[in-house]
Each structure stands twice: as structure tokens, then as C-alpha cells.
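Have a look at the structure below before the remarks.
The values are calculated or read from the model by the stated rules, or taken from the named source; none is laboratory data. Small disclaimer: the values here were computed from a predicted structure and weren't measured. Ideal geometry is used to build each Cβ from the backbone, glycine not excepted, and the neighbour counts take in all protein chains shown. With ligands, DNA and RNA removed, areas are computed over all heavy atoms of the protein, side chains included. Shrake-Rupley method; radii C 1.70, N 1.55, O 1.52, S 1.80 Å.
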Amino acid sequence: MENNVPSRVQLVFDTNILLDALLARGPYFQYGVELLEHVRDGLVEGWVAPHCLTTVYYILERHLARETRNRKESNRLARALLNEIMGFLKPLPETGTEIMSLDADTGDDLEDQLIVELSQRYLENPLIITRDKWFLKTNMSAAHPKEVIDQNLHRDVPDPHDIPFIDLAAQQRLLQPALSDKIQTVLRHGKYIMGPEVAELQRRLAEYVGVNHCISCSSGTDALLMALMAKDIGPGDAVLTTPFTFFATAEVIALLGATPIFVDIDPQTFNMDPDALERVAGALKGNHSEAGPLPRVGGADRLVPKGIVAVDLFGQPCDYDRINAIAEKNNLFVIEDAAQSMGAQYKGRRANALAEIGCTSFFPAKPLGGYGDGGAVFTDDDRLAEALISIRVHGQGTDKYENRRIGLNGRLDTLQAAVLLTKLEIFPEEIHLRQAAADHYARLLSDHSASLTPPFVPDDMKSVWAQYSVLTKDAQCRERVQKGLKASGIPTAIYYPKPLHLQTAFSFLGYRAGDFPVSEDVGSRIFSLPMHPYLTESVQQRIVDVMGREIH
Ligand SMILES: *Cc1c(COP(=O)(O)O)cnc(C)c1O
């Protein structure tokens, strides 16, 4: 048939891309999902060879059978998934006789050869979507799904007003129907408080982090509070921490009647500076506030230094070898505030396992976020674990109505645990994708190194990129860049504009502007760009293009 109008591209999905998308498998599965969504939404034609469906069904069903341990259920689920994609993908006409015309001498995979043969026979402008490099050897057009998305072959540049700062909707689309399944299970058994999903999550997280005990709880704030309570912190105690963090870190210290003592940060990592920690710990012992500085309150010289709360800011661990050593020398405990760093690594060990106690948060915007509040405490210490379990539920003893100490109602909901278990499945892949997005930002930003400093990650660290925060050369430059991005519909945020020692709530400590110069300076120049596992390179390019216009 003659046709002068070039016809639109017709995507032909290879077996491996469909499996990646349906199983949320491999580092690039979301690109396949995105392409399938474009087919579903009618933006582009999508085709599949029927013989591929048998393979997709077979592998899908076996995978689900392992997960559900119920053959009938896995059968039903696999068919439902196939049904769903066949609601918008078109089957190539396949009679089975095409096989006769294939070249038998090449040694090539029959399934792949058939895809090429059918595409050539029946489609005008096919583009095979595959991860398999073999297709590139044929004279067919073929492409990796990531390539298609990044080059926007099939659509215009996305509306900038659609760019989210953290894209939870994209993640949710991927997790259906596993998510509704897990939630349905909870609704069916009805154990909403401390149900089996809570125990399973704790087991899985302890294994993931690499510690003996995980005690889930109601928020990251409560995780920190419980950790300090397990350490018997109270009035008269001093706890050293950073002023460049979320309010909760120091808030819980003050809530227990203890005194937060701030320690300035490292200008490159924004984490607690071990040299400054050594100085403040020394100053506390001798109360030389010039070396500190220390709070200007009566009785500061009588405070008993008890511990350190170090914060893995923006997803990057602190230098724990040094912090733990300084703690030991000064007889202090160390709590790792890993609210932002679940999944990060320090010298091959995972965040939350880097100090005596690790505390994390499952707030929705954190790297491993739920659909509500949640948190967890990690430790290898059996006695601490026992105390934490007791504190979590009103200081209970062996019996529910025996109370040994003052505690909290600090439990994690079973429904939240079910959500987190589902999200944990794709968490390693999401970390991979966050790293890829961070690497791409670094490449794009290298052209602007005179006015912008990208994040610094030491060799022995792996950040999880809870935030991708850059430093501008001055406050005016930050204002200009943020304004420009906002006008283009690109959201940004400042973490943290005002260090904690200058917050009204902590004015009782008597700290002054100038006490922590690095925190104050960084706070005036830092801001964070959109960062999540589902950022595409084309969106990142747009963001950096807009920034480039604003900095000179
Ligand atoms: C988010 C956060 C917390 C508190 O966690 P919630 O779950 O919101 O209570 C504590 N510390 C830091 C560093 C955080 O980023």
C-alpha cells in the first residue's frame, strides 16, 4: 500500500521488557512501564507477538507462585496481568507457519527471529523495544526502552508543570497490584495492631541492614525518642548533635529534659565534623566555651555528657570510624539518625548499622517511605532491644498489664508494614535508579562548576540521595536560580534555611549567630533539586538548562 505520509512508529515489545515491567525487575523496568502507559493512553501504538505471551505467562506465574505460595492465586494473578496489558497491546497476526520461512542456519534464537519476521510482515514502521542486543544486528529498528524515553522519540517534552519534587505517584503505579494484594491481606486477617506483617518487616529490615534487632515504631521522631529513653537520657544530661538537621533530631533531646549541645558540620559533606566534635567534647569536659562553643546557660558546667546523635544528612553516612572512636575516648554512646539514609553504605556496611543504635523514618518522602508515618530502631545489643520493645508499648513487661517503666504508644501500624514490605521489594532497584539520576545530575552540572558546587561523596560512602543538594556561590545566586526554576514549573526546596541553634525553640540555650559558621554559611547557599528514582534524563536536562540561564 502506497502512503506518502510517514506513519507513526509502532512499538513491538520484546518478552524481556514485558517481564521487567510486570515484575518490577531490573534497573530499567520503569522505562518499559512508562512506554506501556503511553500505549495505554493512546499516545503510541503497541504490539506484541503472541508466542511471547506464553513465555511471559510462564515466568510470571512461576514468580508469583513463589511469592504467594498458592498455585491457584498465582495462576489467577498472572492471567489478570496479561489481561490488563492485552487490553491495550495489539497481537501481531501469527499463524505458526511463519516459522518455516526463518533462516535455520544462523543459530539465532527462534523467539527473537519470529518477532523480527512478524514485525516486517505486518507493520509499516516497527520499532522493537528490547534489552537484547541481538536485535541491533538485524536490519530492524530496535531500541532500549530507556533510550526511547530519554530521546522522547514518541512525544513532546513533558509539561514542566508535571515535574514532581519526589514522585510517589510513579512508584505507586508500579507497585499495583502487589500493593492492593498486601493491603487486602491485612483487611482480611484484621490484625491491625502488631499483625504478622510488622514482625515480617522487622525481620526483613534487620537482615537488610545487617543487625540483630529491628524494632519498628510510629515515626522517625519516636525512633530517636525511644533510643534516648533506652539510654536513660534525662535532665542534667548533655547530648551532642548537629545544628544542620531536621528539627526532630535535637527536639527529642530537649523533650526528655536533656540539653542539646551543637557541633558544627563539615563544609563538603554537611555532616557532623569529627574535628569539631572532638573540640566540643573537650570543651564540655573542661567547660572552655571558647573552644566549643557551649550553650550560654547557668549550670552548663554541671551537665553530664552522655552521648552523640550523628545525622546522615541527605542520605550520606557520617564518618563513623572517627565519630565512634571519639565517643569511646569520651565515654559517650552514639545514635545514628539515619532517617534520610536507609540503604546508604559506609565502608561496605549499611546505614542504621553504623553506631550502637540506628534510627530511621518511613515518612513518605524518605528513601524508603510508607503511606503515612513510621520508623524503626536498629541495634545489635539484646538488652537495648528488650528496653526498646518495652518502651514502644507503655513500658510493658512480660505481661500487657505489668508496666516496668514510663513508655509510649509508639507502634507501627500493620497496614503501614504491609505497604513497606511491598516497597522493600523494589527498594534495591530504586537505590540503583537514584544513583543513576545523581550521576546524570553530576555530569550535567559539571558545566556550571564555577557557580554551583554539586554534592561531594567520599570514596568509601554510598549515598541514597534522599536529597540532591547543591551549593550556589552566594545567597543572591540561590534566589535567582530558585526563582527561575519556579517560573518554569520546577519545584526546589531549602534544607535547612535556619540552623537549629538559631531557632526560637532553642533560644533558651543562649547560642548566637556566628557560633556555627559552617552551618550558617551552608544554610544560606544550599538548595535541593527534584530527586527520585523515576526522574528521566530529559527532565534533568531541562532542569539544568533552566539553571544554566540563571547563573553566570
Ligand atoms: C525526617 C527526619 C526525622 C523525623 O522523622 P519522622 O518520621 O518525620 O518523625 C528525624 N531526623 C531527620 C534527620 C529527618 O530527616
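Taking region 343-373 as the range and being on the phi > 0 side of the Ramachandran plot and either touching a strand residue (DSSP E or B) at 6+ places or on another chain (Cβ under 6 Å) or crowded, with 24+ Cβ neighbours inside 10 Å (or both) as the test, the residues that pass are G343, N352. All of (1) surrounded by 22 or more Cβ atoms within 10 Å (Cβ to Cβ); (2) at pLDDT 95 or above; (3) not basic (K, R) hold for S219 with one exception: (1).
Tell me, which residue of region 296-324 that is within 29 Å of the chain's Cα centre (by Cα) and assigned to a strand (DSSP E or B) is nearest to the ligand (Cβ to nearest atom)? Top of the filtered list is V311.
More than 16 Å from R204 (Cα to Cα), touching a strand residue (DSSP E or B) at 6+ places or on another chain (Cβ under 6 Å), modelled with pLDDT of 95 or more and not small (G, A, S), is that true of L412? Here the answer is no, as L412 does not meet what is asked. Quick check on region 325-342: of everything there that is within 16 Å of the ligand (Cβ to nearest atom) and in contact (Cβ under 8 Å) with a residue 60 or more places away in the chain, which residue is nearest to L284 (Cα to Cα)? Ranking the qualifying residues of region 325-342, first place goes to I335. Per the listing E67, E98, the residue uniquely over 21 Å from E34 (Cα atoms), open to solvent by less than 70 Å² (accessible area, probe 1.4 Å) and either of a type outside the set (F, W, Y) or part of a loop (DSSP other than H, G, I, E, B) (or both) is E98.
From the list A387, A418, A438, the lone residue that is at pLDDT 95 or above and either outside any helix (DSSP H, G or I) or under 30 Å from E67 (Cβ atoms) (or both) is A418. Taking (1) touching a residue at least 24 places away in the same chain (Cβ under 8 Å); (2) crowded, with 17+ Cβ neighbours inside 10 Å; (3) more than 25 Å from L23 (Cβ to Cβ) in turn, L421 satisfies each apart from (3). Restricting attention to region 449-458, does a residue exist that is among the β-branched types (V, I, T), out of contact with any Ser or Thr (no Cβ under 7 Å at 6 or more places or on another chain), open to solvent by 10 Å² or more (accessible area, probe 1.4 Å) and closer than 23 Å to F270 by Cβ? Yes, that holds for at least one residue. Checked against (1) part of a helix (DSSP H, G or I); (2) within 27 Å of Y28 (Cβ to Cβ); (3) free of Cβ contacts under 8 Å to residues at least 24 places away in the same chain, D459 meets all criteria but (1). Annotation: of all residues in region 381-407 being in contact (Cβ under 8 Å) with a residue 24 or more places away in the chain and in contact with a His (Cβ under 7 Å, 6 or more places away or on another chain), the one that is least open to solvent (accessible area, probe 1.4 Å) is A385. Here A450 passes the criteria (1) in contact with a Phe, Trp or Tyr (Cβ under 7 Å, 6 or more places away or on another chain); (2) part of a loop (DSSP other than H, G, I, E, B) except the one numbered (1). V304 fulfils the conditions (1) surrounded by fewer than 15 Cβ atoms within 10 Å (Cβ to Cβ); (2) within 30 Å of H432 (Cβ to Cβ) except for a single criterion, (2).
Of the residues making up region 307-332, those that are among the charged types (D, E, K, R) and surrounded by 20 or more Cβ atoms within 10 Å (Cβ to Cβ) are D312, D319. The helices (runs of 4 or more DSSP H) found wholly in region 164-248 and carrying at least 2 residues that are within 25 Å of S469 (Cβ to Cβ) and within 16 Å of the ligand (Cβ to nearest atom) occupy 220-230. Go through the residues of region 111-121 one by one and say whether even a single one is in contact (Cβ under 8 Å) with a residue 24 or more places away in the chain and closer than 27 Å to T536 by Cβ. Yes: one or more hits.
Contact map, region 481-509: residues that are over 11 Å from S528 (Cα atoms) and open to solvent by 80 Å² or more (accessible area, probe 1.4 Å) paired with residues that are assigned to a loop (DSSP other than H, G, I, E, B) and not charged (D, E, K, R), Cβ distance under 8 Å, separation 6+ or inter-chain. Pairs shown: K486/T492; F508/V297.
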